[in-house]
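The values are calculated or read from the model by the stated rules, or taken from the named source; none is laboratory data. Computed from a predicted structure; not experimentally measured.
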Amino acid sequence: MTHFKSILALAAALALSTAGASAETTHIFWKDLRPVTQAVAEDAGLPMIAAKLPDHGETLSVALQDKTIQLAGYALPVDRDGDLVYQFLLVPWTGACSHMPTPPPNQIVLVTPARPYKMSEAYQPVAVTGALKPEMEKSQLFILDGVSVIQSGYAVRRADVMAVDTVPDSIVLPVNSPWSFLNKKKN
């Protein structure tokens, strides 16, 4: 009977700690990754303008450092084996880094999922949950026209990743963009 009570107490403690962890998750938007000094980019509605600022978008927001966040964006695989992705860049618009302007580092998150994430196509909309770390890292991408080195300003390791239908603060590409087909809803 004592063993049974111990198991019940452990289960209750785990349930309580899990509930507490989810309550501490901060749902953020892409603008939250930019420091206040980059409001010009927010006013224009295009975070890619931040790349033209004097710091080239390398100033990071440390207010969220080590906090558990959830952010929705588009996954661009960095390390994959078939449809299993071991690491990806989370970006705010489809086509980013591949024939479209590369977002500034403070608008790119390097994500390492806790478990390999099954992805059928690049730029799949996902939500990432985990501890946000401001840290500049360079990743090599193998894209259509060769290798590209992309600098990210943040990292989330051991992330929980889930597919989503939409990205709330997504940038919609101009109609004449070669990547506009990515913005269309799949049937």
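Taking the range 85-141, which residues are of a type in the set (D, E, K, R) and closer than 15 Å to E58 by Cα? Outline the logic, then answer.
Let us first name the residues in the range 85-141 that are of a type in the set (D, E, K, R), namely 115, 118, 121, 133, 135, 137-138.
Scanning the range 85-141 gives K133, E135, E137, K138.
Among (1) modelled with pLDDT under 85; (2) over 14 Å from the mean Cα position of the chain (by Cα), which single condition is W93 missing?
(2)
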